[in-house]
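First comes the structure, then the notes that go with it.
Read-outs: derived from the displayed coordinates by stated rules, not from any lab. Remember, it's a predicted structure, so these values are computed and weren't measured experimentally.
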Amino acid sequence: RLLITETPLQNNLKELFVLLNFICPEIFRRVKSDVEKNFLPKKELNIYIGLTEMQRKWYCSVLEKDIDAVNGLTGKKKGKTRLMNMVMQLRKVTCHPYLFNGTVQPGPPYTTDEHLIQNSGKMIILDKLLK
C-alpha cells in the first residue's frame, strides 16, 4: 500500500485511526467475536434492595423540597426541567447519601470507615457479595 499525504495528523484520534486502518487493515478491523471465542454468554442478575434510614430521609427531603413539581402545579416546560433535576437528585440519593452537601459524616472528611457502607443500600449488598 502506498500512502501519500501532504498534511500531518492534527492530533485527531479519528484521523489516526483511519490512517492506521488504511495501513494495517487486518489489525484494526477486528470485531469482538474474532478476538476471543471462549467468552461465556453474559448473564445479568437484578438485585432489588431497599434504602437505608439516611437514604429514606434524604429521598423524602428531595421530594418535599419541590412538591409543586411533583404535583404538576408548575408550567409545562419549567415543570419538566424541575422534574428532571429532581430525578437526578433522587438518583444521587439512591447511589449514596454522602454525595450531598450537608450530610453528617462521622470523623474527618474522606474517611473509609464502616459508616460509608452502612448508609447506602447498594454498598451493603456489595459488601456482602465481596465477603
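General observations
- For the set K57/K77; K92/K128; K65/K92; K92/K122, the pairs lying more than 19 angstrom apart at their alpha carbons are K57/K77; K92/K128.
- The length gained on full extension between K76 and Y48, counted as 0.36 nm times the residue separation minus their Cα-Cα distance, comes to 6.8 nm.
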